[in-house]
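**Student:** Structure incoming, see below.
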């Protein structure tokens, strides 16, 4: 005889660790148990359906069919709610949905659909991200590293880096940023170099800016 049980996380359990709490779906048959971790929002909807229409999930096979369809629907709803707040790279979105506990193949299925219809577009995301960070004073190296964290290889982008950076503008922006900061006389040159490179500018730009800052300080 098959049976199943849903176990929702206890209130406040989310604060016990970094991972979001999951619900547990326990399938029992002839003394053996199979436990599945599923998103809480999916579990709540599955519970509601089973109470309203118990015949829909009267065996393990039909139960899993209902659960997977609910998970597809909830995955799409969760992703689109996130996208209503801001744009995401594909890798960022995948990470978010995995954190929510969605099944990886269902996530990948959603990501393919979202990319096909333009809800997710890494080139669009990267262009807006780069322009925003350049306006905030970030250098090429720092922008490239930040994109890498978000699953995007800057070297594969059209126009990178020449559309966004050139040597003259890099130097002028780095000099402007460094000029806002006061550097003590002791080891001033090396302090400026470290500061400028820390903002993502190249070593060559950092050295040129350090020379200029030191000259102006004399």
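The values are calculated or read from the model by the stated rules, or taken from the named source; none is laboratory data. All values derive from a computational prediction rather than experimental measurement. Please note: Cβ atoms are built from the backbone with ideal geometry, for glycine as well, and neighbour counts cover all protein chains shown.
**Student:** With respect to residue 68, determine if the residue is assigned to a helix (DSSP H, G or I), modelled with pLDDT of 95 or more, over 18 Å from the mean Cα position of the chain (by Cα) and surrounded by 14 or more Cβ atoms within 10 Å (Cβ to Cβ).
**Tutor:** no
Here's the yes/no breakdown for (1) crowded, with 18+ Cβ neighbours inside 10 Å; (2) touching a helix residue (DSSP H, G or I) at 6+ places or on another chain (Cβ under 7 Å); (3) closer than 22 Å to residue 131 by Cβ:
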{"residue": "173", "(1), (2), (3)": "yes, no, yes"}
{"residue": "204", "(1), (2), (3)": "no, no, no"}
{"residue": "207", "(1), (2), (3)": "no, yes, no"}
{"residue": "210", "(1), (2), (3)": "yes, yes, no"}
{"residue": "215", "(1), (2), (3)": "no, no, no"}
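**Student:** Going through 155, 144, 132, 136 one at a time, which residue ends up being crowded, with 19+ Cβ neighbours inside 10 Å and closer than 30 Å to residue 90 by Cα?
**Tutor:** On inspection, the qualifying residue turns out to be 144.
**Student:** Among the numbered criteria (1) in contact with a helix residue (DSSP H, G or I) (Cβ under 7 Å, 6 or more places away or on another chain); (2) without any contact (Cβ under 8 Å) to a residue 12 or more places away in the chain, which single criterion is violated by residue 71?
**Tutor:** (2)
**Student:** Quick one: count up the residues across segment 101-136 that are part of a helix (DSSP H, G or I), in contact (Cβ under 8 Å) with a residue 12 or more places away in the chain and under 21 Å from residue 38 (Cα atoms).
**Tutor:** The total comes to 6.
**Student:** Mind checking which residues of segment 195-215 are within 35 Å of the chain's Cα centre (by Cα) and in a helix (DSSP H, G or I)?
**Tutor:** Matches in segment 195-215: 195, 196, 197, 198, 203, 204, 205, 206, 207, 209.
**Student:** Does residue 150 fit the bill of being touching a helix residue (DSSP H, G or I) at 6+ places or on another chain (Cβ under 8 Å), modelled with pLDDT of 85 or more and surrounded by fewer than 19 Cβ atoms within 10 Å (Cβ to Cβ)?
**Tutor:** yes
**Student:** Every residue in segment 22-50 that is surrounded by fewer than 17 Cβ atoms within 10 Å (Cβ to Cβ), without any contact (Cβ under 8 Å) to a residue 40 or more places away in the chain, on the phi < 0 side of the Ramachandran plot and not in a helix (DSSP H, G or I), please.
**Tutor:** 24, 26, 28, 29, 32, 33, 34, 35, 36, listed by residue number.
**Student:** Another one. Can you find a residue that is in contact (Cβ under 8 Å) with a residue 60 or more places away in the chain and part of a loop (DSSP other than H, G, I, E, B) anywhere in segment 174-194?
**Tutor:** no
**Student:** Just give me the residues in segment 78-100 being in contact (Cβ under 8 Å) with a residue 24 or more places away in the chain and either out of contact with any helix residue (DSSP H, G or I) (no Cβ under 7 Å at 6 or more places or on another chain) or exposed (fewer than 15 other Cβ atoms within 10 Å of the Cβ) (or both), in sequence order.
**Tutor:** The answer is 80, 83, 91, 92, 99.
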